[in-house]
Amino acid sequence: MSVFHFQQFSVIQQHSAMKICTDALLFGAMAPVKAMDCVLDIGAGTGVLSLILAQLGAAKITAVELTEPAYQEASTNFQLSPWASQLTAVHQSIQNFAASTHQHYDLIICNPPFFENHSKTVDALKKAARHTDQLEFSELIAIINKLLTADGLFYVLLPIHALSKIISLANECNLHLIAQTDFQAFQHSQAKVTALVFSRSASTLLKNTLVIYEKPRIYTEESSRFLAAFLLRFAAQQR
């Protein structure tokens, strides 16, 4: 069985299409979550982001996942975690969930590995997880607009090439980009993904770049600071 062990929880990822990766871990660890936030995780996969946010102090987290294998693994991962009472996995399309719920959320997170106009994998689960076939950007923004509280935040990780499209669609719903962090693997690398924070209130854009590695397998001081509370490799350093 494929299991990824963290300091305070573990994630079974045997059957989920999308496995844990460093970009996703940093995205979760950097989330603009506040204590007692009510959070919605769209496309939860194994539930790793929801678990990270629970550790960071979110009060209640609803994780919506379309595919059966990922939903089952997220449910199990939640039940085995220290925050089982705060985490709820829902097996449903986000479109149907949004149409039926009356709940609004302080923070909505989404790590949709969209690769529009890229070659598609043959594997059906990975196809569902990786592409916009199941959830177009326009649908995603409309759902955010419906479910986000008046002072809530929408937090999303996207490929750099999707940046202008998502900003344009968000602006049409009066959702404003207030923070952007581009992820570079190394100092000399080009950023391929970016973590974006949207709000209903416009403000000066805070933009920065996070360099993940000093050299292969060696994290930079900044990325280490975000991951130190989660990865086992940092546990001995904190004793």
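Rule-based calculations on the coordinates, nothing more; no lab input. Owing to the predicted nature of the structure, the values given are computational and were not obtained by experimental measurement. Cβ atoms come from the backbone with ideal geometry, glycine included; neighbour counts cover every protein chain shown.
What to note about this one:
- Only helices enter the 222 nm calculation for the chain: every DSSP H run of n ≥ 4 contributes -39,500 (n - 2.57), and dividing by all residues gives -8500 deg cm²/dmol, rounded to 500.
- Taking the DSSP beta bridges with both ends in the chain, the antiparallel portion is around 45 percent.
- Distance from the alpha carbon centroid of the stretch 1-70 to that of the stretch 154-171 works out to 21 angstrom.
- Shown here for the stretch 150-239: GluC sites (Glu not before Pro) in loop regions (DSSP other than H, G, I, E, B) with at most 12 other Cβ atoms within 10 Å, of which there are none.
- Farthest positive-ward along the chain dipole, Cα basis, beta-carbon charges - from THR88, LEU56, LEU135: LEU56
- GLU136-HIS188 FRET efficiency (beta carbon distance; Förster radius 41 Å; 0.05 resolution): 0.75
- Using θ = phi - 60° in the Karplus curve 6.51 cos²θ - 1.76 cosθ + 1.60, the 3J(HN,Hα) couplings for the stretch 203-218 round to 7, 4, 5, 9, 10, 8, 10, 10, 8, 7, 10, 6, 7, x, 6, 10 Hz; x is entered for Gly and Pro.
- Close amide-amide hydrogen proximity is noted between GLU214 and TYR219, THR220, each under 5 Å apart and 5 or more residues distant or on a separate chain (H modeled in the peptide plane; Pro and chain starts excluded).
- Residues whose amide H comes within less than 5 Å of that of VAL193, counting only those at least five positions distant or on another chain, are ILE160, PHE183 (H built at 1.01 Å from N in the peptide plane).
- For HIS15, no residue 5 or more places off, or on another chain, has a built amide H under 5 Å of its own.
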